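Student: Below is a structure I'd like to ask you about.
The values are calculated or read from the model by the stated rules, or taken from the named source; none is laboratory data. Because the structure is predicted, anything quoted here is derived from the model rather than measured. FYI the Cβ positions are ideal-geometry reconstructions off the backbone, even for glycines, and counts take in every protein chain you see. Surface areas here come from the heavy atoms of the whole protein model, side chains and all, with no ligands, DNA or RNA. Shrake-Rupley method; radii C 1.70, N 1.55, O 1.52, S 1.80 Å.
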Amino acid sequence: AKFKQGLEKSREQFQGALNNLMSQYRTVDEDFFEALEEMLIQADVGFQTVMDLTDELRDYARKENITETIYLKEIIVEKIVEIYNQDETLDEEMNITAGELNVILMVGVNGVGKTTTIGKLAHRYKAQGKTVMLAAGDTFRAGAIDQLQVWGDRVGVEVVRQAEGSDPAAVMYDAVHAAKKQGVDVLICDTAGRLQNKKNLMNELGKIKRVLQKVIPEAPHEVLLALDATTGQNALSQAKSFKEVTDVTGIVLTKLDGTAKGGIVLAIRNELSIPVKYVGLGEKLDDLQPFNAERYVYGLFA
Ligand code: GDP
């Protein structure tokens, strides 16, 4: 129900646009396919994905001898799910193992909802009976540490912090040691999102990883990139940049409730080969949902 609610804007847009299209173009022809392409691109689905999809649909219509667009409606949804799932290496599940310390590194530029997502994740894991600790690794942005502390207090989890301006790697060193000592299940690390200076960011994240690995060789188990869905193609280019800087294992797409262009999920997954692991559907603690491609696409259209 949460999922459906959060996708309201996108669903209205997708369904409305598709219905309009089918009443405007009743016959399956090139005009229809071009209008469909235009509609999907408007919804931020991403150029390459749209082209893949309409090529498949053209083939299907020809083979099955479908002449009326209305009979393509269901197959459009099915094909989108298929395109989503074609890369089986893209696992939507989090790499979290029970009974050991798991480290999640959160990256992303300021304002995308990184801190909120950390709070929501902590809440989720705590609700599952796991012990959680946060590391205030964004020592650069004024107020970032206090903001994380607010979420830590709200959820009721410890926040490991140092003074503003201190070395993020030193914070991580403290945090991973404390987490191990206390038998914590999930350590979620905030980081500074300074994409303007890629070289610095790369060095900083590299150093953080090395420090973590001294204590937990497999760490970080996940590097989650937070992206703001309302920024559309901009989110896509941010993802490309972060991919150059570090090994991103998954994406959290925030503010999906605030956009009618839910197609951005498809574009990210297909064009970057990074799985979307969670979506943010609101500002409250329980407004974070694990992502599932099938549920998502049917949520948009059904
Ligand atoms: P940060 O700078 O990346 O840490 O961003 P914040 O966590 O401070 O979030 C920025 C703003 O986005 C805040 O007002 C959040 O309440 C809001 N926000 C974060 N996630 C979501 C979401 O999934 N949906 C909505 N509607 N707002 C969100």
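Student: How many nm separate the modelled label positions at Ala127 and Asn20, each set 7 Å beyond the Cα in the direction of the Cβ?
Tutor: It is 3.6 nm.
Student: Then there's this: Would you mind checking the pairs Lys4/Lys198; Lys79/Lys277; Lys63/Lys261; Lys4/Lys120 and listing those with alpha carbons more than 26 angstrom apart? Write down the numbers at each step before the final one.
Tutor: Working: Lys4/Lys198 37 Å; Lys79/Lys277 21 Å; Lys63/Lys261 31 Å; Lys4/Lys120 19 Å.
Violating the 26 Å limit, Cα to Cα: Lys4/Lys198; Lys63/Lys261.
Student: Taking the Cβ of Leu212 as the centre, find all other residues whose Cβ is under 11 Å away and add up their charges (Lys, Arg: +1; Asp, Glu: -1). Walk me through the numbers before you get to the answer.
Tutor: Values: positive: Lys180, Lys207, Lys209, Arg210, Lys214; negative: Glu218.
Taking every Cβ under 11 Å from that of Leu212, the sum is +4.
Student: Same structure again: At R0 = 25 Å, how high is the FRET efficiency between Lys181 and Asn292 if r is their beta carbon distance? Nearest 0.05 is fine. Mind showing how you got there, number by number?
Tutor: On the way: r = 36 Å, r/R0 = 1.43.
Once the sixth-power term is evaluated, E becomes 0.10.
Student: How large is ³J(HN,Hα), in whole Hz, for each residue of the stretch 120-132 in order, when computed from phi with the Karplus curve 6.51 cos²θ - 1.76 cosθ + 1.60 and θ = phi - 60°, using x for Gly and Pro?
Tutor: 5, 5, 4, 4, 4, 5, 5, 4, 7, x, 8, 8, 10
Student: Given the protein chains as shown and a 1.4 Å probe, how many square angstrom of Arg141 are accessible, to the nearest 10?
Tutor: For Arg141, solvent-accessible area is about 70 Å².
Student: Compute the Rg to Rh ratio over the stretch 159-302 from the alpha carbon atoms, using the Kirkwood formula for Rh, and round to two decimal places. All intermediate terms of the calculation are to be shown ahead of the outcome.
Tutor: Working: Rg = 16.6 Å, Rh = 16.6 Å.
Using Cα coordinates only, the ratio equals 1.00.
Student: Starting from 0.36 nm per residue, how many nanometres of slack lie between Glu271 and Phe3 once their C-alpha separation is accounted for? Each step should come with its number before you reach the end.
Tutor: Numbers: separation 268, 0.36 × 268 = 96.48 nm, distance 2.40 nm.
Full-extension gain reported as 94.1 nm.
Student: Would you mind pulling out the separation of the Cα centroids of the stretch 166-222 and the stretch 245-302, in Å?
Tutor: The stretch 166-222 and the stretch 245-302 have Cα centres separated by 25 Å.
Student: Work out how much length Ser241 to Asn203 would gain on full extension: take 0.36 nm times their residue separation and subtract the Cα-Cα distance, in nm to one decimal. Walk me through the numbers on the way to the answer.
Tutor: On the way: separation 38, 0.36 × 38 = 13.68 nm, distance 1.45 nm.
Here the answer is 12.2 nm.
Student: May I ask you to list the residues of the stretch 202-235 whose amide nitrogen lies under 19 Å from a point 7 Å from Cα along the Cα→beta-carbon direction of Asp91?
Tutor: Label zone hits: 217-225.
Student: Which whole-number percentage describes the relative contact order of the chain, with Cα contacts under 8 Å and a sequence gap of 6 or more? Numbers along the way, then the final one.
Tutor: Working: 539 pairs, mean separation 82.9, N = 302.
Across the chain, relative contact order equals 27 percent.
Student: In vacuo Debye scattering of the chain, one point per C-alpha: log10 I(q)/I(0) at q = 0.07, 0.11 Å⁻¹?
Tutor: The calculated log intensity ratios at q = 0.07, 0.11 Å⁻¹ are -0.30, -0.67.
Student: Okay, next question. Relative contact order for the stretch 1-115: what percent, with Cα pairs under 8 Å and sequence separation of 6 or more?
Tutor: Working: 49 pairs, mean separation 23.8, N = 115.
Relative contact order, the stretch 1-115: 21 percent.
Student: Enter the accessible area of Met106 (Å², nearest 10), with the probe set to 1.4 Å and all protein chains included.
Tutor: 0
Student: Hey, what angle do you get for helix 233-245 against the long axis of the chain, alpha-carbon based, 0 to 90 degrees rounded to 10?
Tutor: The answer is roughly 50 degrees.
Student: Two-decimal Rg/Rh of the stretch 1-75 from alpha-carbon positions, Kirkwood Rh? Walk me through the numbers on the way to the answer.
Tutor: Details: Rg = 13.1 Å, Rh = 13.1 Å.
When Rh is taken as the Kirkwood radius, the ratio is 1.00.
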